[in-house]
Amino acid sequence: MTLVLGIEGTAWNLSAAVVDENDVIDEVSHTYRPSTGGIHPREAAQHHAQHAGQVIRKLFENIADKGISSRDLDAIAFSQGPGLGACLRTVGTAARALSLSLEKPLVGVNHCLAHVEVGRWKTPAEDPVVLYVSGGNSQVLAYRNGKYRIFGETLDIGIGNALDKFARNAGLSHPGGPKVEEFAQAAASYVPLPYVVKGMDFSFSGLSTAATDALSHSSIEDVCYSFQENAFAMLVEVTERALAHTGKNEVLLAGGVGANMRLRQMLKTMCEDRDASFYVPEKRFMGDNGSMIAYLGLLMYKSGNTIEVANSHVDPDFRPDSVEVTWL
Ligand code: AMP
Ligand code: MG
């Protein structure tokens, strides 16, 4: 068995886990919760710096209870990007320190691809079109010729940030996504809002602003509902076209916004119409988590994809289609 420790900390969640080929051995997380407004990058990084030692110590205690010592680890993996620069640097520092002190190889993991691979690990999906929707990122990805290609992506902000920003303007606390979902369920009617798909890409910033403006003449329930209908239809449209284009017959949903039941329902309907299978991992693997970093770290380690500490700088704009897939 291979054992890899992985650390996630690109944004709001500091999370470390140890996995083997089959399962998560243990995961310990400490979540940053902004006192007001949304995520403040510097505060989030300070949170991660303050709690990294405690999270790693607790993880080592937990695996020790299961008979595993730090000596048994094969590699240390970390989220190298994309994400908030200050957060990435903090977690990178923790991972380098562990790698050097334990004398274990270091693996730099692309956060988006970790969402994809944990979904392939924890669902029956084999070669899916992936809709990855989170706070900072929104992408439609699929594997072709040695890389995960991006078939469509947001031209501005991630869908999660768009929902959170609107919710904040509506006086709701962070994270807004789940609250928007709840209000939408009590809606009476649809309010016209922008629907922006350009080629295979989508944009959410104008939709978020227009939804905020619509609050002046429509109920919050109706605006939340209409926001969701438009945003999710945009995502489903591009996912469907990626399915048609690639000829694949599976869709995998990834990222924190994937918790949304209306989005799932729309994707499921589209997949049924096309005779495609639709897969959603357990909720704990959808939002940012250490297990997904550890798992892709394990796949990369086993395929010889490690890095020297000297070359382990983080990249806030790390694109998944720049990664040579060595593990498939
Ligand atoms: P991630 O960055 O992948 O951890 O996902 C975080 C994002 O998911 C935040 O923007 C949340 O508002 C969003 N989110 C979480 N649950 C839901 C939900 N039920 N509906 C919509 N968005 C959600
Ligand atoms: Mg994420």
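The values are calculated or read from the model by the stated rules, or taken from the named source; none is laboratory data. Predicted, not measured: the structure shown is a model, and the values here were computed from it. FYI the Cβ positions are ideal-geometry reconstructions off the backbone, even for glycines, and counts take in every protein chain you see. Note: accessible area is taken over every heavy atom of the protein model, side chains too, but ligands, DNA and RNA are not part of it. Shrake-Rupley method; radii C 1.70, N 1.55, O 1.52, S 1.80 Å.
Some observations on this one:
- Contact order relative to length of the chain, as percent, for alpha carbon pairs under 8 angstrom and 6 or more apart: 26
- Gyration tensor (Cα) of the stretch 128-280, equivalent ellipsoid semi-axes in angstrom: 27, 15, 13
- A Cβ-based charge dipole, computed about the Cα centre of the stretch 128-280 with Lys and Arg at +1 and Asp and Glu at -1, lands at about 480 debye.
- Applying Stokes-Einstein at 20 °C and 1.002 mPa s to the Kirkwood radius of the stretch 101-186, computed over alpha-carbon pairs, gives a translational diffusion coefficient of 140 µm² s⁻¹.
- Residues 225, 148, ordered by accessible area of protein heavy atoms at a 1.4 angstrom probe radius and largest first, appear as 225, 148.
- Acute angle (nearest 10 degrees) that the helix 85-102 long axis makes with the longest principal axis of the chain, alpha-carbon atoms: 20
- Cross-link pairs 122/248; 248/268; 179/248 - those with Cα-Cα distance over 25 Å: 179/248
- Using R0 = 22 Å, the C-beta based FRET efficiency linking residue 71 and residue 96 works out to 0.75.
- Ordered by solvent-accessible area of protein heavy atoms (1.4 Å probe), largest first, the residues 65, 156, 20 come out as 65, 156, 20.
- Point-charge dipole on Cβ atoms (K/R +1, D/E -1) for the chain, about Cα centre, debye to 20: 420
- Summary of packing: across the peptides 170-178, 110-118, the per-residue average of other C-beta atoms within 10 Å ranks them, highest first, as 110-118, 170-178.
- Radius ratio Rg over Rh of the stretch 1-129, counting only Cα atoms, Kirkwood formula for Rh: 0.97
- Electrostatic dipole magnitude of the stretch 11-50 [Cβ: Lys, Arg +1; Asp, Glu -1; Cα centre; debye, to 20]: 480
- Accessible-area value, residue 12, 1.4 Å probe, nucleic acids and ligands omitted, Å²: 90
- From most to least packed by mean Cβ count within 10 Å, the peptides 249-261, 48-60 give 249-261, 48-60.
- Computed over Cα pairs, the Kirkwood radius of the chain leads via Stokes-Einstein (0.890 mPa s, 25 °C) to a diffusion coefficient of 122 µm² per second.
- The alpha carbon centroids of the stretch 76-146 and the stretch 150-171 are separated by 21 Å.
- Using alpha-carbon coordinates, inclination of helix 41-65 to the longest axis of the chain, degrees: 50
- Interchain or long-range residues, amide H under 5 Å from residue 10's placed H: none
- Axis angle, to the nearest 10 degrees, between helix 205-214 and the longest C-alpha principal axis of the chain: 50 degrees.
- Here's the list of lysines a cross-link from residue 104 could span, going by alpha-carbon distance under 19 Å and ignoring same-chain residues fewer than 8 apart: 302.
- Spacing of the two label points (7 Å from each Cα toward its C-beta) at residue 23 and residue 317, in nm: 4.3
- Among beta bridges that DSSP assigns inside the chain, antiparallel share in %, nearest 5: 60
- Where GluC sites (Glu not before Pro) fall in DSSP loop in the stretch 10-73, at most 13 other Cβ within 10 Å: 21
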